[in-house]
Protein chains: 2
Amino acid sequence: MDKRTKYFLDEESIPTQWYNIQADLPEPLPPVLHPGTGQPVGPADLAPLFPMELIKQEVSTERWIDIPEVVRDIYRLWRPTTLYRAHRLEKALDTPAKIFYKYEGTSPPGSHKPNTAVAQVYYNKQEGINRITTETGAGQWGSSLCFGGSFFDVEIKVYMVAISYHQKPYRRIMMETWGGTCVPSPSPDTNSGRAMLEKDPDCPGSLGLAISEAVEDAGTRDDTHYSLGSVLNHVLLHQTIIGLETKKQLEMADAYPDIIVGCIGGGSNYAGMFLPFVKDKIDGTKPDLRIVNVEPASCPTVTKGLYAYDFGDVAGLTPLLKMHTLGHEFIPPPVHAGGLRYHGMAPIICHLHKLGLVEARAEHQLGTFEAGVQFARTEGIISAPETDHAIRATIDEALKCKETGEAKTILLAHSGHGHFDMAAYEAYLAGKLEDYAYPEEAIKKALANLPKTG
Amino acid sequence: MDKRTKYFLDEESIPTQWYNIQADLPEPLPPVLHPGTGQPVGPADLAPLFPMELIKQEVSTERWIDIPEVVRDIYRLWRPTTLYRAHRLEKALDTPAKIFYKYEGTSPPGSHKPNTAVAQVYYNKQEGINRITTETGAGQWGSSLCFGGSFFDVEIKVYMVAISYHQKPYRRIMMETWGGTCVPSPSPDTNSGRAMLEKDPDCPGSLGLAISEAVEDAGTRDDTHYSLGSVLNHVLLHQTIIGLETKKQLEMADAYPDIIVGCIGGGSNYAGMFLPFVKDKIDGTKPDLRIVNVEPASCPTVTKGLYAYDFGDVAGLTPLLKMHTLGHEFIPPPVHAGGLRYHGMAPIICHLHKLGLVEARAEHQLGTFEAGVQFARTEGIISAPETDHAIRATIDEALKCKETGEAKTILLAHSGHGHFDMAAYEAYLAGKLEDYAYPEEAIKKALANLPKTG
């Protein structure tokens, strides 16, 4: 038996190329549509918001895309990240399963997000852009973009979902420490924000609404671009560095996963892990590989949403994406996993789901924190509430193995630490954590207002 | 030129033995005295508080002491830690100096403290002890001991300096997540705490007072031992794993430091780094090596204190240690670097200072945060306020090199991240951070009340 706890790679092993799943899809992705014309968008439509290099990556069908040396050089500060074998969790569960986890929490912002943040700021800077806006849920994305901005002297303005802004003030200070600015969304700084504040001054906000504000800000200023931390193809592309490293590390352990588990909000961390593996399923090498997407029961985009064209934001400013959606007007309950509070999902994940290549399940908040505490008391790491969703499913799969006696290999995509989520753990430990139900009525209402296409 | 950013070691390279400086001291350490008799303490005097194995380590003159395999196995969760070359900071400073930093912030509690916490809980458990008390300043030590307790099913009770308890609630929740309990000190749970609360209900507390409470708790219960996170010889011994790893990593970089810089509160992190190097200075191999201890100007133990016998705690319950002291009754100003708010210092460091083998300097709070923000915006890592003291001195040494044109090699002992100190960064960024002066009168008063010996 391999007794190692960790699988290290040296910095020269950081991949030199990202993997682009669009080269290997059995069917191409449905096109992105212009909300006015209903026709597929072209590069010119996206140019006010994104640099041309990212627009090209969005639609590229090249299998491998070079990582710029400047970006790879910044990756060295925390990459390659460590792959762990969860010996202690396995023992506590008394399971024959082998559990591995790839831990992205040692990046300075504490999650996988800088993998794409640094690349996006770089490509913008290359094209002369010195100001970028974005939205953030739990604050992981906003702090990562500010971290990226600090390396290239690019000004970052972050619209942070109000509920998280107030629950997690330290994430905002982190952004400021790296030189960025951050306001709660809805904010009085944009038309979308002002409209929502008028309707509901206490609106907890949502990722969809914060996107509206950031897009509006960027769209109305020539010197400014917009950056998205998840959902889009180029974001998932940058995150594939996670799965590429993991493949090399699992080879060191002489292992290959039977099941890969990760949490999905917009989908980028988890897709970054599984895309280099789903390739093996598409080409028939690993037909039995199971890829399990875990989402919150209170925001069950893939398990309960429709697969349809919808806006990425609340105000309807973005192009239309074919994806699982709960309706762009849906505002999810204020669960602590702020990064999973999104009505839509990465089109790549939804497409793979439709093709039967990945599966999805939904978890309730209480069970995810129970799993998170068990993980902290065995593996030592206090995880982000988002990650706790994936830990819940990992533990459940390992317990199934205990019943069946199967020694399956489970790979957990661990997206980050919970150092800025301790208030949520306090509520859980004090027995005061709410366990939001499936918000059926709100979703039904939002789904009735999907945009018309075709 | 070596362009690497990081120097990794695999987990098999975790040292198998700690280095004991007592084997190589030119003169032995002064004895620890019994506060009642004024005579050197023996093992029996310490047995109510510590397991025999730690008491033996406290006085051992063996050069190498085996790390128990169980402890080493837990170390694997985060060790070996990474040694970085600070290319970006060097460039920002435009210095010819080479700056390396050994980063202990990737341990689950976020600092160097678990290096000794895990070992101490292990030795206690081996001798049948299932409950341990301790004190904590900034919370790094308390959370680390709870982390250690979670692996061995040992109950941990932490007395946390009140000012930090209120400034850093998330550290407390971290302790609870790992299964420990935490109360603010002064607390109503002990005689020492009650006496102080009667004198001053708003007392901000101090490490010295919290030690009194934890020692009293352990001393009055048969089932309970006490654990100290710094100062004592066995604690510094366990931390030498930092310096031992660093030596191997610097060999990979083909480098040896001209200057080693670290912050000192009780002294354990920094001594853990420099002790394996000071050996080279004692034996004449590296006569010019400079070892720079950095402390707060508001709690300047080595730079302004007396080298005398004093209690380790406020209430006078501990044995007497020969050390630099500001007087055990001195309560330092509430600087954010809670881990540096201690009236005394590790006797080993003081002894080496007296022998002229190490030097010390004091830094003001404002300058340390300025350095911390510069480090965050170049190297990406947001550091603990304690560490910011060492970063300040590192930057100043590198700027001196810029003046003189010398390409010195500077090694920074980076003790941990500042994720639980963001309120301090907020105050700094808002221009609201206080810059406490040298509290001359309070120290004069406390020094007038040193215990009589001999």
For residues that are part of a loop (DSSP other than H, G, I, E, B) and of a type in the set (D, E, K, R), scanning just segment B:224-258, find the one that is surrounded by the fewest Cβ atoms within 10 Å (Cβ to Cβ).
B:D254
With the requirement that a residue be among the acidic types (D, E) and over 10 Å from A:I173 (Cβ atoms), what does segment B:419-437 give you?
B:E434, B:D435
A:L411, sole failed condition from (1) away from chain B (no Cβ under 14 Å); (2) among the aliphatic types (A, V, I, L, M); (3) closer than 26 Å to B:I382 by Cβ
(3)
Meets criteria (open to solvent by 10 Å² or more (accessible area, probe 1.4 Å) and either in a strand (DSSP E or B) or over 17 Å from A:H234 (Cβ atoms) (or both)) for A:S150
yes
Segment B:166-186: number of residues that are free of Cβ contacts under 8 Å to residues at least 40 places away in the same chain, more than 14 Å from chain A (Cβ to nearest Cβ) and surrounded by 24 or more Cβ atoms within 10 Å (Cβ to Cβ):
1
Take the residues in segment A:356-373 that are touching a residue at least 40 places away in the same chain (Cβ under 8 Å) and of a type in the set (A, V, I, L, M); name whichever of them is most open to solvent (accessible area, probe 1.4 Å).
A:L366
What are the residues in segment B:215-252 that are β-branched (V, I, T) and in contact with a helix residue (DSSP H, G or I) (Cβ under 8 Å, 6 or more places away or on another chain), if any?
B:T224, B:V231, B:V235, B:T240, B:I241, B:I242, B:T246
Residues of segment A:9-25 being among the polar types (S, T, N, Q) and either surrounded by fewer than 17 Cβ atoms within 10 Å (Cβ to Cβ) or part of a loop (DSSP other than H, G, I, E, B) (or both), in sequence order, are A:S13, A:T16, A:Q17, A:N20
Considering residues of segment A:374-431 that are out of contact with any Leu (no Cβ under 8 Å at 6 or more places or on another chain) and assigned to a strand (DSSP E or B) only, the residue surrounded by the most Cβ atoms within 10 Å (Cβ to Cβ):
A:H414
Working only within segment B:88-102, note down all residues that are touching a His at 6+ places or on another chain (Cβ under 7 Å) and either over 17 Å from B:H417 (Cβ atoms) or within 11 Å of another protein chain (Cβ to nearest Cβ) (or both).
none
Can you confirm whether segment A:153-165 contains a residue that is surrounded by 24 or more Cβ atoms within 10 Å (Cβ to Cβ), among the β-branched types (V, I, T) and modelled with pLDDT of 95 or more?
yes
What's the number of the condition A:V70 fails, among (1) among the aliphatic types (A, V, I, L, M); (2) more than 14 Å from chain B (Cβ to nearest Cβ); (3) open to solvent by 30 Å² or more (accessible area, probe 1.4 Å)?
(2)
Could you tell me whether A:E198 is at negative phi, within 14 Å of chain B (Cβ to nearest Cβ) and modelled with pLDDT of 95 or more?
no
Could you tell me whether segment B:421-438 includes any residue that is away from chain A (no Cβ under 14 Å), in contact with an Asp or Glu (Cβ under 6 Å, 6 or more places away or on another chain) and of a type in the set (A, V, I, L, M)?
no
Take the residues of segment B:103-118 that are closer than 17 Å to B:G243 by Cα and outside any helix (DSSP H, G or I): which is nearest to the other protein chains (Cβ to nearest Cβ)?
B:T106
Looking at (1) surrounded by fewer than 24 Cβ atoms within 10 Å (Cβ to Cβ); (2) within 14 Å of chain B (Cβ to nearest Cβ), find the lone condition where A:H353 falls short.
(2)
Testing B:I391 on (1) away from chain A (no Cβ under 14 Å); (2) touching a strand residue (DSSP E or B) at 6+ places or on another chain (Cβ under 7 Å); (3) aliphatic (A, V, I, L, M), one condition comes back false. Which one is that?
(1)
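The values are calculated or read from the model by the stated rules, or taken from the named source; none is laboratory data. Predicted model, so just to flag it, every value in this text is computed and none were measured. With ideal geometry, Cβ positions are generated from the backbone for all residues, glycine too; neighbour counts draw on all protein chains shown. Side chains are part of the model used for accessible areas, which takes the heavy atoms of the whole protein and leaves out ligands, DNA and RNA. Shrake-Rupley method; radii C 1.70, N 1.55, O 1.52, S 1.80 Å.
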